[in-house]
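No value in this document is a laboratory result; all are computed from the given coordinates. Note that the coordinates shown come from a computational prediction; the quantities given were computed from them, not determined experimentally. No Cβ is skipped: glycine too gets one built from the backbone with ideal geometry, and neighbour counts run over all protein chains shown.
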Amino acid sequence: MIDIVCLERDAVGARFRAPALAHRWIDYPATAQAEMVGRLTGASVAIVNKLRLGAAEMAALPELRMVAVAATGADNVDLAACRERGIVVSNVRGYAVDTVPEHTMMLILALRRRLLDYVADVRAGRWARSENFCFFDHPIGDLAGATLGIVGRGGLGQGVARLGEAFGMRELFAEHRGAPSVRAGYTAFEQVLAAADVLSLHCPLNDATRGLIGAAELARMQRSAILVNTSRGGLVDEAALAAALRAGTIAGAATDVLSAEPPRHGSPLLEDDLPNLIVTPHVAWASAQAMQRLADQVIDNIEAWAGGAPRNRLA
């Protein structure tokens, strides 16, 4: 009998099917960080989404054998500590290859065509007062012919590239920042910053990418460029981005993620005076279809581990 504990059921937004193995299932709608060890005591499998599972927690959980991450990103799990203890860690992959690129393109289109500005103006009566049949208060830019810079060439980055191509954009995949050489099919990171009309982030958060876009990188971008982040909030220096938007260093930005979620103590990107900024509450991944694929894959991973052939392993 395998004890499986799901700590953040409501963070998934879809129903988990029963694993095809002898098990006891316990789940919680949500779990505070301080409650995690107590709830996992005696468990063989932990299903986590955003809770931090570090070396200290694992030391208090000697029976833990598998961590099923209900997400692709696993920066909240100490993978090195898991390897030391022989704990298998599996994540979910490929479930959001449609929904995240679609959300990304929605944000790009909304920024380039100044959607929210025009909607707000119409609601405020600006159109009704116009002397012409339309008005041009906010410059609109087509996607056709624009350069789309993409950081990250996994399934999500490639999905955004495909949609960008359908709009007639030219895509550039950025090489790693500071890389000594540039691989075939990639463009130097600094060159992408300078050339992109749209810069879209699709890379994991780790020691190499934390703070990837800061004041120096924003200053390299064109004043007409926009930045879109549907990956992880920690990739961007939020204070630097807020300052760049206020100064007109870049023309706009959209983010589906923040460095602290939920932002209970605020964020530099939630201030009222930021021009041409769109913030959505980490929902790029959350189509009904994608959430069910995620839930199903979590159970697939647990079944594979129980069968002696772990899949989607990170540790």
For this session: Note down, for the stretch 36-143, the three equivalent ellipsoid semi-axes (square root of 5 times each alpha carbon gyration tensor eigenvalue), biggest first, whole angstrom.
Result: 52, 15, 10
For this session: Determine one quarter of the surface area of the Cα convex hull of the stretch 154-231, which equals its mean projected area, and express it in nm² to one decimal.
Result: 5.4 nm²
Problem set entry | Highest to lowest packing among 297-303, 140-146, 216-222, scored as the average C-beta count within 10 Å | 297-303, 216-222, 140-146
Exercise. In deg cm²/dmol and to the nearest 500, what is the mean residue ellipticity at 222 nm of the chain if only DSSP H runs of at least 4 residues count, each as -39500 (n - 2.57), divided by the residue total?
Worked result: -8500 deg cm²/dmol
Exercise. How many percent of Cα pairs in the stretch 99-279 exceed 24 Å?
Worked result: 36 percent
Seminar exercise, completed: Length-normalised contact order of the stretch 99-279, Cα under 8 Å, at least 6 apart, in percent, tallies to 19 percent
For this session: Two decimals is fine: what is log10 I(q)/I(0) at q = 0.29 Å⁻¹ for the stretch 94-148, from a Debye sum with one equal scatterer on every Cα and no solvent?
Result: -1.12
Seminar exercise, completed: DSSP beta bridges in the chain: the antiparallel percent, rounded to 5, is 5 percent
Problem set entry | Peptides ranked, highest mean first, by Cβ atoms within 10 Å: ranges 120-131, 271-282 | 271-282, 120-131
Exercise. To the nearest 20 debye, what is the magnitude of the charge dipole of the stretch 99-279 about its Cα centre, counting +1 on the Cβ of each Lys and Arg and -1 on the Cβ of each Asp and Glu?
Worked result: 200 debye
Exercise. Which GluC sites (Glu not before Pro) does the stretch 43-115 hold that lie in a coil by DSSP with at most 13 other beta carbons within 10 Å?
Worked result: E63
Exercise. Can you give me the relative contact order of the chain as a percent, contacts being Cα pairs under 8 Å and 6 or more apart?
Worked result: 19 percent
Seminar exercise, completed: Rh_Kirkwood(the chain) over Cα pairs, Å, one decimal, evaluates to 21.2 Å
Exercise. Assigning unit charges at the beta carbon (Lys, Arg +1; Asp, Glu -1) and nothing else, what dipole magnitude in debye, to the nearest 20, does the chain show about its Cα centre?
Worked result: 440 debye
For this session: Rank these for me by crowding, L269, L53, going from fewest to most other beta carbons within 10 Å.
Result: L269, L53
